[in-house]
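What follows is one structure encoded as C-alpha cells, with my remarks underneath.
The values are calculated or read from the model by the stated rules, or taken from the named source; none is laboratory data. Note that the structure is a prediction, hence the values are computed from the model and not measured. All Cβ positions, glycine included, derive from the backbone under ideal geometry; neighbour counts span all protein chains shown. The area values use the complete protein model at the heavy-atom level, side chains included, leaving out ligands, DNA and RNA. Shrake-Rupley method; radii C 1.70, N 1.55, O 1.52, S 1.80 Å.
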Amino acid sequence: MELKRPIRVRMAPSPTGDAHVGHARTTLYNYLFARQNGGTFILRIDDTDTKRNTEDAEAGVYRGLRWLGLDWDEGPDKGGPHMPYRQSERLDIYHQYAEKLLASGAAYECYCTSEELEAEREAQMAAKEDIRYSGKCRHLTEQERQALKAAGRVPTIRLRVPDVKIGFQDLVRGWIEADTSLMGDFIIIKSNGMPVYNFATVIDDHLMQISQVTRGSEHISNTFPQILIYQALGFEVPQFAHFSLMLNEDRSKMSKRMGATFVGEYAEMGYLPEAMLNFLPYTTHFRSWSPGGDEDEILSLDDLLEKFSLEQCTVSNAIFDIKKLDWINAKWIRKLDPADLAQRLVPFLQKEGFIGAEYDLGHLTQIARLIQERLPRLDNVRDFPYFFLEPEVPTTEIKKLLKDKDGQAGLKAVLAAVQTVPWQEAELETAIHSAQADLGWSNKELFMTLRLAICGGKVSPPLFPLMEVVGRERTIARLERAAAQL
Ligand code: GLU
C-alpha cells in the first residue's frame, strides 16, 4: 500500500505517571517508521482526563522515553509548528470544531441526564434490544432546547451517526470494517466541556497533519468512530496501523498485578535501554527466533532502522517473554565497553551500599571487565560484594574441602610466594603454581581454598585476575585472616 506523504507520525500517551512498556513499543515503532521514511515524529500529550493527570505524570513519560533514547521532533517540551502539543491546552480548538458540527447539523446537543440514560439502557436490556443511545435529543426544537437549558440542564454534544458501513485498510492487518448500526450517536463533548478521546484525537491528528496513525490494537474499535468524525468534519482520513497487544506469558493482559509494566521498573531492575529496544520488536515483529537466541538477534537502534518494517508486524497477540529479554540483556551487558558498564553500575552499587558518593571509576572499570560475563542484569552486581566489602571466612567449608591437609600451612605458602611478585594476573599465576607444586595440593584444593578465603564463597570470576582486581593489600589481609582462623 502506498504510504501517504509527507510522513508525520505521533505518539500520544495519556500521562499515567511513568512510561508503560506499551508506550515504549508504540514510541519505538513510530520513531523507526518516521526515521526510515525521512518523516517527523511528534509527541503529543493526551491529558484531557483532568482527574488523573499531573505534571509529574507527564515528566514520568518523558523520563521513560528518554531512558530508551528515543527522541521526538515536535512536542510540548520542544515546540513546533502545531503548538500547543498538550490536549488540555487545546480545548478552544475542540470547541470550535464542535460548533462547526452543530452548525452543519452533523452533531446535536443532548440534554439527557445520566439517570435518564441509565433508565433507557435498562429498558433496552429488559427488552433484549441492542444497547445504544436512542437518539432522543436528535430532533429537539430550539424551543425545547431553551426550556431544558432554563431548567438548568447542561448538554453534551453528540455526533449524528449515519447508518453506514465503514472500513479502513490497516497497514498491518489489511481491510477492517464495521457497521455503525450498533454504535448509536456518541458523545464528542462531555457536559463539563471536555472533549472525548476520539474527538480530540481526530482534530489533533488532522491539524498536526498526521499521515499514519500507528498504535496498539486496543484502539481498533476507536478507529470507526474516529473515521466518522473525520468524515463529518470533511477531513481527509489518515492511514492506520494497529499492532498486536502485548500479553504476559500466560496470555493474560499485561498489568501491574502480573509484574512490572513500567519502563522505569525495568531500568531499576537493571535492564539496559538497548536491551529493551532490541527486545520490543520480538514481541510483534521478528516472528521466529530460536529459544536460546542467536548472536544476530542482538540489534542496535541502527540495526532496527534497517530491519524493521511495519508491514511485517504480526497480527497475532504478542507475548512479553521475559526470558527472551533476559537473554538479550545479558548479551548487551557483555557488549558494553567496561568503562561504560562501570558507569551504569554506579547507582546499583550505591543502592547496595558497596560504594558511596565518591568512587574510583578506574577500579570499577576493572571490576566491570571481570564480571561482565556474569551479569544477566545490572542489579546482579549485588552478587559481587567481595570487591567492596570484607567477606566472612567460611572456615568450616575450607576444612571440609581440605580434609586432612594443613590449610594454614597452605595459605602461608601462598602468602610467601606472592609477597614479592608484581601484583598482576600472570605473575600471580606463576607464583601460586610454584607454591602448589611444593605443597602437592590438587587444583581444586588450592584454588577453591583461595577463592573461599578471598570471596567468602565458591563462585567467582577466574582466580588470578580476581586477585589482581581485589588488590594486593586486601588479598593479603584476607589470606592472613583465613590462615589465622583455620
Ligand atoms: N492517549 C491514547 C493512549 O494512550 C492514545 C491512543 C492513540 O494513539 O490514538 O492510548
What residue, among those in region 179-188 that are touching a helix residue (DSSP H, G or I) at 6+ places or on another chain (Cβ under 8 Å) and not hydroxyl-bearing (Ser, Thr, Tyr), is farthest from the ligand (Cβ to nearest atom)?
183
In the list 355, 432, 367, 398, which residue meets the criterion of being open to solvent by less than 70 Å² (accessible area, probe 1.4 Å), among the β-branched types (Val, Ile, Thr) and not in a helix (DSSP H, G or I)?
355
Flagged in region 34-48 as open to solvent by 10 Å² or more (accessible area, probe 1.4 Å) and touching a residue at least 60 places away in the same chain (Cβ under 8 Å), in numbering order, are 35, 36, 39, 46, 48
State the number of residues belonging to region 2-19 that are within 12 Å of the ligand (Cβ to nearest atom), open to solvent by less than 10 Å² (accessible area, probe 1.4 Å) and of a type in the set (Val, Ile, Thr).
1
Looking at region 207-240, which of its residues are within 10 Å of the ligand (Cβ to nearest atom), surrounded by fewer than 21 Cβ atoms within 10 Å (Cβ to Cβ) and either in contact (Cβ under 8 Å) with a residue 60 or more places away in the chain or over 28 Å from residue 254 (Cβ atoms) (or both)?
216
Out of the residues in region 302-330 that are in a helix (DSSP H, G or I) and buried (at least 18 other Cβ atoms within 10 Å of the Cβ), which is modelled with the lowest pLDDT?
310
Could you tell me how many of the residues in region 149-171 are surrounded by 15 or more Cβ atoms within 10 Å (Cβ to Cβ) and in a strand (DSSP E or B)?
7
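Condition check ((1) of a type outside the set (Lys, Arg); (2) modelled with pLDDT under 95) across all residues:
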{"position": "73", "(1), (2)": "yes, no"}
{"position": "90", "(1), (2)": "no, no"}
{"position": "96", "(1), (2)": "yes, no"}
{"position": "112", "(1), (2)": "yes, no"}
{"position": "129", "(1), (2)": "yes, yes"}
{"position": "138", "(1), (2)": "no, no"}
When residue 424 is run through (1) touching a residue at least 24 places away in the same chain (Cβ under 8 Å); (2) open to solvent by less than 50 Å² (accessible area, probe 1.4 Å); (3) among the polar types (S, T, N, Q), the failure sits at (2)
Failed item, numbered, when residue 183 is tested on (1) surrounded by fewer than 15 Cβ atoms within 10 Å (Cβ to Cβ); (2) under 36 Å from the mean Cα position of the chain (by Cα); (3) modelled with pLDDT under 95:
(1)
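Residues checked against (1) within 22 Å of residue 29 (Cβ to Cβ); (2) of a type outside the set (S, T, N, Q); (3) within 12 Å of the ligand (Cβ to nearest atom); (4) open to solvent by less than 50 Å² (accessible area, probe 1.4 Å):
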residue: 190; (1), (2), (3), (4): no, yes, no, no
residue: 196; (1), (2), (3), (4): no, yes, yes, yes
residue: 242; (1), (2), (3), (4): yes, yes, yes, yes
residue: 253; (1), (2), (3), (4): yes, yes, no, no
residue: 262; (1), (2), (3), (4): yes, yes, no, yes
residue: 268; (1), (2), (3), (4): no, yes, no, no
residue: 282; (1), (2), (3), (4): yes, yes, no, yes
Residue by residue through region 132-148, note down the ones that are free of Cβ contacts under 8 Å to residues at least 24 places away in the same chain and surrounded by 13 or more Cβ atoms within 10 Å (Cβ to Cβ).
147
Within region 277-288, identify whether any single residue is modelled with pLDDT under 95 and closer than 29 Å to residue 183 by Cβ, and answer yes or no.
yes
Of the conditions (1) within 11 Å of the ligand (Cβ to nearest atom); (2) touching a helix residue (DSSP H, G or I) at 6+ places or on another chain (Cβ under 6 Å); (3) not in a loop (DSSP other than H, G, I, E, B), residue 22 satisfies every one except a single condition; which number is it?
(2)
Taking the condition of being touching a helix residue (DSSP H, G or I) at 6+ places or on another chain (Cβ under 7 Å) and either open to solvent by less than 60 Å² (accessible area, probe 1.4 Å) or under 30 Å from residue 234 (Cβ atoms) (or both), how many residues in region 109-131 meet it?
3
Please state which of the following conditions residue 460 fails to meet, knowing it meets all the rest: (1) open to solvent by less than 40 Å² (accessible area, probe 1.4 Å); (2) at pLDDT 95 or above; (3) in a loop (DSSP other than H, G, I, E, B).
(2)
